[in-house]
Amino acid sequence: MKEIRVRFAPSPTGYLHVGGLRTALYNYLFAKKNNGKFILRIEDTDRNRYVEGAVENLINSLKWCGLTYDEGPDVGGNYGPYMQSQRLDLYKKYAEELIKNGHAYYCFCSQERLQSIREEQEKQKVPQIKYDKHCLGLSKDEIQENLMNNVPYVIRLNVIPNQKIIFQDIIRGQVEFDSINIDDQILIKSDGYPTYHMANVVDDHLMEISHVIRGEEWLSSTPKHILLYDYFNWEKPEFAHLPLLLNPDRSKLSKRQGDVAVEDYRAKGYLQSALINFVALLGWNAGDDKEFYYMNELIEKFSLERVNKAGAVFDLQKLNWLNAEHLRKIDNIELLKMLKVYLETTQYSKLNYDDEKLLSIIEAMKERVSFIHEFVDNCKYFYEEPSEYDIKSIEKNWKEDSPSLLIKFKEQIEKLNNPQKEDFEIAFNKVVEELNIGKGKLIHPLRLALTGQSTGPGMFDILIILGKEEIISRIDKAIKTIQIIKGT
Ligand code: GLU
């Protein structure tokens, strides 16, 4: 059987789009599942769209996502170079071969002439604006003369009208196009660079790509590619066109409605494993209800046959949910490392909390966060005393006797020497029993005094994390401040 070779072929326009990530991921999964090769090819032949640093950016994003390629610009391989701008001679050579066989031709038409054809056809309301094949009629001598005189030219594909172009798509089944709707595509531009169609087909052939897996937006290019394969007499790869990515309102996923760059999700603290899991499910499922996957399970389960035709909705809520699920599966020592890295970027970098304390915060908060940064943002009170107190909770939970209850509790705490979690529990119960009150009467004002909030992790987790001195000082401060707020 032929070796499976697939490629991700982005144009370096600045960043890796999540749609691009989905394409890259499906190619990667398909290659890994079938013991094939995954190739990165940079399609940088559109000089107008060239963006400095875009290739490095793309490569970094792919690497962060764990999509290691077997061949590519920075890793080499037997089919290089893997940057199209370094392969210009090849495209020229193959375009000339097409010209020789009558499948392509030089076109010397000026911009003005092309413009007037366009305007004329617009007037006539033709369904598809097309070049009128004028230069196909030039004699050999006319062509030679133009070339000698350095008249600027492009090379065009000679599309024979009125033929059906039919191909099988793994996801869409049989796809048919009528060549009447296909313009005589430019293959080589006047700057000597190939167009997407030409470079893409030549490279897929020379790089022995077995399966072309790409977004649906390229489906309408495929008949042009099929013509090229036929004209060259080359074996065609298999095609699979992936469904569009949609916003929740079913419009095409766009930057206006949120982040589309992988680097933005990374910067916001999404986990690589969660993003991969989420993106894998944009148009594919294993045929069951399972939604949580690691990369190795995706490789095992993935198949192109189970990719949907219908557009896939990009649901940020689901990504957030998956992020939380993945986060909870990470072991606490690993989370500690991640939290320390994050803390370095915050105003708390100078706190120098020991590992034990940070681990206690992680344990207390693990079920309550979706992101690493929430080990800080959702519980700032572990890092600094509250600067304000939740007004609703004051109204609801701060009773006339709250200060005296808190003072009683504080007195118990003051007696403790190097208290452990159980000691706090004993002290708490003692107050409640001695005063014969419900636990809530103490717990609510105590939580408010220590954290400024009405919800959070278990009370005894909070006590042990804050420690004796901090508890005492926060109770004192809260009594003073809340009494002022309440005006009593
Ligand atoms: N360069 C195209 C892109 O930017 C590649 C499309 C294809 O895979 O054929 O997505």
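The values are calculated or read from the model by the stated rules, or taken from the named source; none is laboratory data. These figures come from a predicted structure and were not determined experimentally. Here the Cβ positions follow ideal geometry from the backbone for every residue, glycine too, while neighbour counts run over all protein chains shown. Ligands, DNA and RNA are excluded from the accessible area calculation, which covers all protein heavy atoms including side chains. Shrake-Rupley method; radii C 1.70, N 1.55, O 1.52, S 1.80 Å.
Applying the criterion of being without any contact (Cβ under 8 Å) to a residue 40 or more places away in the chain and more than 20 Å from LYS2 (Cβ to Cβ) to the residues of region 221-258, the residue that is farthest from the ligand (Cβ to nearest atom) is ASP249.
Restricting to region 336-348, name every residue that is within 29 Å of the chain's Cα centre (by Cα) and open to solvent by less than 50 Å² (accessible area, probe 1.4 Å).
At the first step, the residues of region 336-348 found to be within 29 Å of the chain's Cα centre (by Cα) are 336-347.
Scanning region 336-348 gives LEU336, LEU339, LEU343, THR346.
Given the condition within 12 Å of the ligand (Cβ to nearest atom) and either open to solvent by less than 60 Å² (accessible area, probe 1.4 Å) or not polar (S, T, N, Q) (or both), answer yes or no: does some residue in region 63-73 qualify? Full working, then the answer.
Keep residues of region 63-73 that are within 12 Å of the ligand (Cβ to nearest atom), which gives none.
Within region 63-73, not a single residue is within 12 Å of the ligand (Cβ to nearest atom) and either open to solvent by less than 60 Å² (accessible area, probe 1.4 Å) or not polar (S, T, N, Q) (or both).
Mind listing just one residue for me: the one in region 187-210 that is of a type in the set (A, V, I, L, M) and touching a residue at least 40 places away in the same chain (Cβ under 8 Å) and, of those, nearest to ASN308 (Cα to Cα)? Let's see the steps before the verdict.
Start the filter on region 187-210 by keeping residues that are of a type in the set (A, V, I, L, M), which leaves 187-188, 198-199, 201-202, 206-207, 209.
Filter once more, keeping what is touching a residue at least 40 places away in the same chain (Cβ under 8 Å): 187-188, 198-199, 202, 206-207, 209.
Details: LEU187: 32, ILE188: 35, MET198: 29, ALA199: 29, VAL202: 29, LEU206: 30, MET207: 28, ILE209: 23 Å.
Filtering region 187-210 for residues that are of a type in the set (A, V, I, L, M) and touching a residue at least 40 places away in the same chain (Cβ under 8 Å), the one nearest to ASN308 (Cα to Cα) comes out as ILE209.
Only residues that are assigned to a loop (DSSP other than H, G, I, E, B), open to solvent by 10 Å² or more (accessible area, probe 1.4 Å) and more than 9 Å from the ligand (Cβ to nearest atom): list them for region 8-35, please. Within region 8-35, GLY14, TYR15, ASN34, ASN35 meet the criteria.
Taking VAL159, is it within 16 Å of the ligand (Cβ to nearest atom) and buried (at least 21 other Cβ atoms within 10 Å of the Cβ)? No: the conditions fail for VAL159. Considering (1) among the basic types (Lys, Arg); (2) within 26 Å of the chain's Cα centre (by Cα); (3) buried (at least 19 other Cβ atoms within 10 Å of the Cβ); (4) more than 15 Å from the ligand (Cβ to nearest atom), the lone condition that ARG214 does not fulfil carries the number (4).
Scan region 93-101 and tell me whether some residue there is among the hydroxyl-bearing types (Ser, Thr, Tyr), assigned to a helix (DSSP H, G or I) and more than 25 Å from PHE278 (Cα to Cα).
Here is the first cut: in region 93-101, the ones among the hydroxyl-bearing types (Ser, Thr, Tyr) are 94.
Adding the requirement that they be assigned to a helix (DSSP H, G or I) leaves 94.
With more than 25 Å from PHE278 (Cα to Cα) added as a condition, the list becomes 94.
Yes: one or more hits.
Checked against the criterion of being crowded, with 19+ Cβ neighbours inside 10 Å and modelled with pLDDT of 95 or more, the candidates ILE443, ILE482, ILE462, ILE407 yield just one match: ILE462.
Taking region 465-479, which residues are open to solvent by less than 40 Å² (accessible area, probe 1.4 Å) and among the basic types (Lys, Arg)? Full working, then the answer.
Kept after step one, since they are open to solvent by less than 40 Å² (accessible area, probe 1.4 Å), are these residues of region 465-479: 465-467, 471-472, 474-475, 478-479.
Selection gives ARG474 alone.
Results for (1) farther than 22 Å from TYR294 by Cα; (2) not aliphatic (A, V, I, L, M), shown as yes or no for each residue.
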| residue | (1), (2) |
| --- | --- |
| ASP230 | yes, yes |
| ASN233 | yes, yes |
| PHE239 | yes, yes |
| PRO243 | yes, yes |
| LEU246 | yes, no |
| LYS252 | yes, yes |
| ALA267 | no, no |
| TYR270 | no, yes |
| LEU275 | no, no |
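For region 182-198, the tally of residues that are in a strand (DSSP E or B), away from the ligand (no atom under 13 Å from the Cβ) and open to solvent by less than 10 Å² (accessible area, probe 1.4 Å) stands at 2.
Looking only at residues in region 63-85 that are touching a Pro at 6+ places or on another chain (Cβ under 9 Å) and within 26 Å of ASN35 (Cβ to Cβ), the one that is modelled with the lowest pLDDT is GLY80.
The combined condition, being among the small types (Gly, Ala, Ser), without any contact (Cβ under 8 Å) to a residue 12 or more places away in the chain and open to solvent by 30 Å² or more (accessible area, probe 1.4 Å), is not fulfilled by SER387.
What number of residues in region 54-92 are part of a helix (DSSP H, G or I) and among the β-branched types (Val, Ile, Thr)? If you could, list the steps in order and put the result at the bottom.
Of the residues in region 54-92, the ones part of a helix (DSSP H, G or I) are 54-64, 84-86, 88-92.
Imposing the further condition that a residue be among the β-branched types (Val, Ile, Thr) reduces the set to 55, 59.
Looking only at that region, the number is 2.
The single condition among (1) within 15 Å of the ligand (Cβ to nearest atom); (2) more than 21 Å from PHE232 (Cβ to Cβ); (3) of a type outside the set (A, V, I, L, M, F, W, C); (4) surrounded by 13 or more Cβ atoms within 10 Å (Cβ to Cβ) that ARG5 does not meet is (2).
I'd like the full set of residues that are assigned to a helix (DSSP H, G or I), open to solvent by less than 20 Å² (accessible area, probe 1.4 Å) and under 19 Å from GLN168 (Cα atoms), limited to region 202-211. Walk me through how you get there before you give the answer.
So the first thing to find is which residues in region 202-211 are assigned to a helix (DSSP H, G or I), and the list is 202-206.
Of the ones still in play, those that are also open to solvent by less than 20 Å² (accessible area, probe 1.4 Å) are 202-204.
The one that is assigned to a helix (DSSP H, G or I), open to solvent by less than 20 Å² (accessible area, probe 1.4 Å) and under 19 Å from GLN168 (Cα atoms): ASP204.
Of all the listed residues (LEU25, LEU16, LEU98, LEU88), the sole one being modelled with pLDDT of 95 or more and within 23 Å of LEU245 (Cα to Cα) is LEU25. In the set (1) within 16 Å of the ligand (Cβ to nearest atom); (2) surrounded by 17 or more Cβ atoms within 10 Å (Cβ to Cβ); (3) more than 18 Å from VAL262 (Cα to Cα); (4) not acidic (Asp, Glu), TYR50 fails one condition alone, (2).
Quick grid of which residues meet (1) open to solvent by 20 Å² or more (accessible area, probe 1.4 Å); (2) in a loop (DSSP other than H, G, I, E, B); (3) within 30 Å of TYR79 (Cβ to Cβ):
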| position | (1), (2), (3) |
| --- | --- |
| GLU119 | yes, no, no |
| PRO127 | yes, yes, no |
| CYS135 | no, no, no |
| ASP141 | yes, no, no |
| LEU147 | yes, no, no |
| ASN150 | yes, yes, no |
| PHE177 | yes, no, yes |
| ASN200 | no, no, yes |
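Condition (residue is in a helix (DSSP H, G or I), open to solvent by 70 Å² or more (accessible area, probe 1.4 Å) and closer than 30 Å to LYS357 by Cβ) applied to region 253-266: is it met by at least one residue? Among the residues of region 253-266, at least one is in a helix (DSSP H, G or I), open to solvent by 70 Å² or more (accessible area, probe 1.4 Å) and closer than 30 Å to LYS357 by Cβ, which makes the answer yes.
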